[in-house]
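Before any comments, here is the structure.
The values are calculated or read from the model by the stated rules, or taken from the named source; none is laboratory data. Keep in mind that what you see is a predicted model, and the values were worked out from it rather than measured. Positions of Cβ are generated from backbone atoms using ideal geometry, with glycine treated the same way; all protein chains shown enter the neighbour counts. Heads up: the accessible areas ignore ligands, DNA and RNA and are worked out on the full protein's heavy atoms, side chains in. Shrake-Rupley method; radii C 1.70, N 1.55, O 1.52, S 1.80 Å.
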Amino acid sequence: MHQHLIELIRFSTYAELRAERERSYLGLIWWVAEPAMMMGAFWLVFDLILKTGGPDYVPFLLVGLTLWQWMKSCITHGGYSIWGNLGLIRQVRIPVLVFPLVQIFADTIKFLYIFALLLVILWLAGFPPNITYLALPVVFVVTLLFSAGGGFLMSAVIPLIPDLRFVIEQILTMVMFLSGVVFALDAVPPPLRDWFALNPVVTLLDATRGILMHGQWPDWIALLKVTLVSLVVLVIGIGVVLRLAPRYPKLAA
């Protein structure tokens, strides 16, 4: 049974990636073009116009947007997955957890392609590999747990309240601007900086930037705290999905 479920998730993930590539004329190029256009817009506003970017702002921004795009995609695509497949859930008996898992894995695979390109850009820009790269898998696993927790939690409630997806988009945009994705936390006044630091996304961004740009090991205590929070949210999200699973086929009627 478990082997069959693993094969189902693996095949569905491959099918999702292939379908997404074929839905767009640009195919794989669009996976890179979308974050590149975002980076260009923020670079124009914060660095050229407002003059608040500072040194090495382009790699700083590129790392932040790449990681944030992965987290946002996992949360939104995973969050919409059950709602978008209610018709299939009504017709076929498939564990509902499969749908967010497939989306999260597909977005993670896309992230790995983009991250490989990011590494090349950073190396050419003067940020060579260093020993702290050994910590990247740990940071990425924690990031995946955090994103999956949000994705499962959203996937559980959106079928019941579909309009919630519009609220989530706005909340994620607000979180992006409160997480240091496009600006350094050093620019935040000290009284507010401690509050910003409580955001798990800030910890994950700082850890990734520290490794890739400065050769710094992550703050392991802060990373452990984010891991614990992510596991709690993930368990709650999975539990809510399983509890509401019998209701989803009725929503498709």
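Can you confirm whether Phe99 is more than 19 Å from Val157 (Cβ to Cβ) and part of a helix (DSSP H, G or I)?
Considered against the rule, which asks whether it is more than 19 Å from Val157 (Cβ to Cβ) and part of a helix (DSSP H, G or I), Phe99 comes out as no.
Looking across region 123-171 at every residue that is aliphatic (A, V, I, L, M) and assigned to a loop (DSSP other than H, G, I, E, B), the one that is farthest from Gly237 (Cα to Cα) is identified as Ala125.
Which members of region 178-193 meet the condition of being open to solvent by 60 Å² or more (accessible area, probe 1.4 Å), of a type outside the set (A, V, I, L, M) and part of a loop (DSSP other than H, G, I, E, B)?
Scanning region 178-193 gives a single hit, Pro189.
Among the residues of region 197-218, just one is free of Cβ contacts under 8 Å to residues at least 60 places away in the same chain, part of a loop (DSSP other than H, G, I, E, B) and exposed (fewer than 15 other Cβ atoms within 10 Å of the Cβ), namely Leu198. For Gln170, the test of being open to solvent by 10 Å² or more (accessible area, probe 1.4 Å) and under 17 Å from Phe60 (Cβ atoms) is failed. All of (1) assigned to a loop (DSSP other than H, G, I, E, B); (2) among the aliphatic types (A, V, I, L, M); (3) free of Cβ contacts under 8 Å to residues at least 12 places away in the same chain hold for Ala116 with one exception: (1). Taking the conditions exactly as written (of a type outside the set (Gly, Ala, Ser), more than 28 Å from Pro137 (Cβ to Cβ), touching a helix residue (DSSP H, G or I) at 6+ places or on another chain (Cβ under 6 Å) and buried (at least 20 other Cβ atoms within 10 Å of the Cβ)), does Pro159 satisfy them or not? Considered against the rule, which asks whether it is of a type outside the set (Gly, Ala, Ser), more than 28 Å from Pro137 (Cβ to Cβ), touching a helix residue (DSSP H, G or I) at 6+ places or on another chain (Cβ under 6 Å) and buried (at least 20 other Cβ atoms within 10 Å of the Cβ), Pro159 comes out as yes. Suppose the filter is open to solvent by less than 50 Å² (accessible area, probe 1.4 Å), modelled with pLDDT of 90 or more and part of a helix (DSSP H, G or I); does Val175 pass it? Criteria not met by Val175.
Answer yes or no as to whether Tyr80 is among the aromatic types (Phe, Trp, Tyr), surrounded by fewer than 18 Cβ atoms within 10 Å (Cβ to Cβ) and modelled with pLDDT of 80 or more.
On the way: among the aromatic types (Phe, Trp, Tyr): yes; surrounded by fewer than 18 Cβ atoms within 10 Å (Cβ to Cβ): no; modelled with pLDDT of 80 or more: yes.
Against the criterion (among the aromatic types (Phe, Trp, Tyr), surrounded by fewer than 18 Cβ atoms within 10 Å (Cβ to Cβ) and modelled with pLDDT of 80 or more), Tyr80 does not qualify.
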